[in-house]
Amino acid sequence: MIFYPYDLKEFEEKSRGFYFDYESFVPGIILTNIEDIGNYIKNTDKEYLKIIKTFKNKYMEKSDGFSTKRLFNILNNNKN
């Protein structure tokens, strides 16, 4: 997972900022240069897979492939 906040410093300085410290919060590498993104993709560090899994488990627990089914059931007043 690559984060490409090309305008991160500008956003932090001229906008409302973030609720969390962006650089320590995001579950992946932060790159602000297109060439670095290409190089990173070619040489992915497997350690980041662990970071991504931890983030997913904490913030995306319902990301199980059944979101559409749950929404359908809610809209149709079904219990399952």
Over the chain, with the other protein chains present, what is the accessible area per residue in square angstrom, probe 1.4 angstrom? 87 Å²
Let me test this: with uniform point scatterers at the alpha carbons of the chain, what is the Debye-based log₁₀ I(q)/I(0) at q = 0.18 1/Å? -0.88
Working out 0.36 nm times the residue gap between Asn39 and Phe20, then minus their Cα-Cα distance, what length gain in nm do you get to one decimal? 4.1 nm
What list of ³J(HN,Hα) couplings, whole Hz, do you get for segment 29-37 from phi and the Karplus terms 6.51, -1.76, 1.60, once you set θ to phi - 60° and write x for glycine and proline? 7, 9, 10, 10, 9, 4, 4, 5, 4
Using the per-residue mean of other Cβ atoms lying within 10 Å as a proxy for protection, in what order, highest first, do the peptides 27-38, 51-62 fall? 27-38, 51-62
Working out 0.36 nm times the residue gap between Lys50 and Leu71, then minus their Cα-Cα distance, what length gain in nm do you get to one decimal? 4.6 nm
The number of Lys pairs in the chain whose alpha carbons lie under 21 Å apart, excluding pairs fewer than 8 residues apart on one chain, is 10
How big is the charge dipole of segment 4-80 about its Cα centre, in debye rounded to the nearest 20, if each Lys and Arg gets +1 on its Cβ and each Asp and Glu gets -1 on its Cβ? 740 debye
In order over segment 7-15: 3J(HN,Hα) from phi, Karplus 6.51/-1.76/1.60, θ = phi - 60°, whole Hz, x for each Gly or Pro, gives 10, 4, 4, 5, 4, 5, 7, 10, 10
Segment 1-51: which chymotrypsin sites (Phe, Trp or Tyr not before Pro) are DSSP loop and have at most 12 other beta-carbon atoms within 10 angstrom? Tyr6, Tyr19, Phe20
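The values are calculated or read from the model by the stated rules, or taken from the named source; none is laboratory data. All values reported here derive from a predicted model rather than from experimental measurement. Here the Cβ is made from the backbone with ideal geometry for all residues, glycine too, and neighbour counts use every protein chain on show. Accessible surface is based on the protein model in full, side chains and every heavy atom, while ligands, DNA and RNA are left aside. Shrake-Rupley method; radii C 1.70, N 1.55, O 1.52, S 1.80 Å.
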